[in-house]
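A quick write-up on the structure given underneath.
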Amino acid sequence: MLKADNLNVFYDQIQAIKDVSFEIQEGELVALLGANGAGKTTIIRTISGLQKLRSGKITYNGQDISTTEAHKLVRLGISQSPEGRQIFGRLTVLENLQIGAFIKDKKADIGAEIKYIYDLFPALKEREKLAAGALSGGEQQMLAIGRALMSSPKLLLLDEPSLGLAPLLVEKIFEVIQTLKRNNITILLVEQNVYKALEIADRAYVLESGAIKLHGTAGDLLNNSEVKKAYLGG
Ligand code: ATP
């Protein structure tokens with residue numbers, strides 16, 4: 001579904017991504033792992049058209065999307081829930097969700113999507129008229145994921161969805177990610193919670209200093225001695 005070939009990304013003179021190649025098959029849940037600053041967010045932003053490639057190629061269902069603008073990618077079915085949530089704090093929960101549906105004209109479609117999101121996250125329904133800035137961190141994360149789902153994506157890019165959340169909420173977010181996979185959404189998951197990510201992923205790539213260091217099935221990586229030592233505490 002998504003294929004990245006030899007991606008190189010720079011911030012001015014500094015190379016953040018070095019010859020990175022990976023692919024995601026339709027229906028897969030692929031995790032992108034690595035320490036702080038390894039380049040995970042840069043890869044997500046590059047796929048979603050927010051960061052320019054210096055060289056390399058990204059194809060989506062066979063179409064070259066290397067230079068496609070972000071809003072057009074949403075129409076093609078690629079949506080992201082960004083790191084740090086980036087919700088609109090002064091708008092209500094409902095208004096934040098409606099913004100995520102900017103590519104849809106039919107009210108009925110938007111209504112159906114909102115119902116789907118409220119079924120996934122009942123807490124959002126209870127708070128739909130509240131300013132999003134008044135929500136807890138966990139609720140804001142749910143809202144960020146909900147907003148990304150409003151465009152009915154086929155490929156969902158999730159950047160650190162469990163960051164800073166209490167354990168119970170981490171569980172809830174991971175359950176929802178598994179539900180989305182069962183509902184045929186293909187997912188690229190960036191996570192610092194390596195163990196939990198590998199528990200639910202099909203495959204994973206490990207980034208180190210902007211380059212792919214390891215990749216394999218989640219099961220193989222869970223048993224890999226380098227991964228155990230660097231990320232799983234033993
Ligand atoms: P984190 O988990 O901390 O977000 P990450 O793996 O997502 O880390 P990136 O945010 O993609 O890493 O950063 C990759 C590298 O690029 C880092 O060295 C970072 O300092 C650098 N970088 C990121 N954004 C910028 C920017 N806007 N300008 C300059 N350098 C940047």
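Worth a mention:
- Criterion (under 30 Å from Ser209 (Cβ atoms), part of a helix (DSSP H, G or I), away from the ligand (no atom under 16 Å from the Cβ) and not polar (S, T, N, Q)) met by exactly one of Leu73, Leu94: Leu73
- Search result, residues across region 30-52 that are crowded, with 16+ Cβ neighbours inside 10 Å, touching a helix residue (DSSP H, G or I) at 6+ places or on another chain (Cβ under 6 Å) and not small (Gly, Ala, Ser): Leu32, Leu33, Gln51
- Filter pass, Leu189 being within 12 Å of the ligand (Cβ to nearest atom), buried (at least 23 other Cβ atoms within 10 Å of the Cβ) and not β-branched (Val, Ile, Thr): no
- So Ala197, is it small (Gly, Ala, Ser) and surrounded by 19 or more Cβ atoms within 10 Å (Cβ to Cβ): yes
- Scanning region 1-29 for residues that are more than 18 Å from the chain's Cα centre (by Cα) and loosely packed, with under 15 Cβ neighbours inside 10 Å yields Asn6, Tyr11, Asp12, Gln13, Ile14, Asp19.
- Apart from one condition, Arg147 fits all of (1) in a helix (DSSP H, G or I); (2) of a type outside the set (Val, Ile, Thr); (3) buried (at least 21 other Cβ atoms within 10 Å of the Cβ); (4) within 16 Å of the ligand (Cβ to nearest atom); the exception is (4).
- Where a residue in region 65-92 is acidic (Asp, Glu) and its partner, wherever it lies, is part of a loop (DSSP other than H, G, I, E, B), with Cβ under 7 Å and at least six apart: Glu69/Gly49; Glu83/Glu160
- Subset of region 196-234 (residues that are within 15 Å of Val30 (Cβ to Cβ), of a type in the set (A, V, I, L, M, F, W, C) and not in a helix (DSSP H, G or I)): Ala201, Ala204, Val206, Leu207, Ile212, Leu214
- From the list Thr59, Thr68, the lone residue that is assigned to a loop (DSSP other than H, G, I, E, B), over 14 Å from Leu158 (Cα atoms) and more than 15 Å from the ligand (Cβ to nearest atom) is Thr68.
- Every pair of residues 6+ apart whose Cβ atoms lie under 9 Å, when the first sits in region 151-179 and is without any contact (Cβ under 8 Å) to a residue 60 or more places away in the chain while the second is surrounded by 18 or more Cβ atoms within 10 Å (Cβ to Cβ) and of a type in the set (Asp, Glu): Ser162/Glu191; Leu169/Glu139
- Checking each residue of region 129-138 against the condition of being farther than 19 Å from Gly89 by Cα and not charged (D, E, K, R) gives no match.
- When Glu126, Glu175 are checked against the criterion of being more than 16 Å from the ligand (Cβ to nearest atom) and closer than 22 Å to Leu29 by Cβ, Glu175 stands alone in meeting it.
- Under the condition of being out of contact with any Lys or Arg (no Cβ under 9 Å at 6 or more places or on another chain) and in a helix (DSSP H, G or I), the residues counted in region 99-111 number 4.
To keep it simple, each residue is scored yes or no on (1) out of contact with any Phe, Trp or Tyr (no Cβ under 9 Å at 6 or more places or on another chain); (2) within 8 Å of the ligand (Cβ to nearest atom); (3) modelled with pLDDT of 95 or more; (4) closer than 22 Å to Ala230 by Cα.
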position: Leu2; (1), (2), (3), (4): no, no, yes, no
position: Leu7; (1), (2), (3), (4): no, no, yes, no
position: Gln13; (1), (2), (3), (4): yes, no, no, no
position: Glu23; (1), (2), (3), (4): yes, no, yes, no
position: Glu26; (1), (2), (3), (4): yes, no, yes, no
position: Asn36; (1), (2), (3), (4): yes, yes, no, yes
position: Lys40; (1), (2), (3), (4): yes, yes, yes, yes
position: Ile43; (1), (2), (3), (4): no, yes, yes, yes
position: Arg54; (1), (2), (3), (4): no, no, yes, no
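The values are calculated or read from the model by the stated rules, or taken from the named source; none is laboratory data. Quick caveat: nothing in here was measured; it's all calculated off a predicted structure. When we count neighbours, we look across all protein chains shown, and the Cβ atoms used for this are built from the backbone with ideal geometry, even at glycine.
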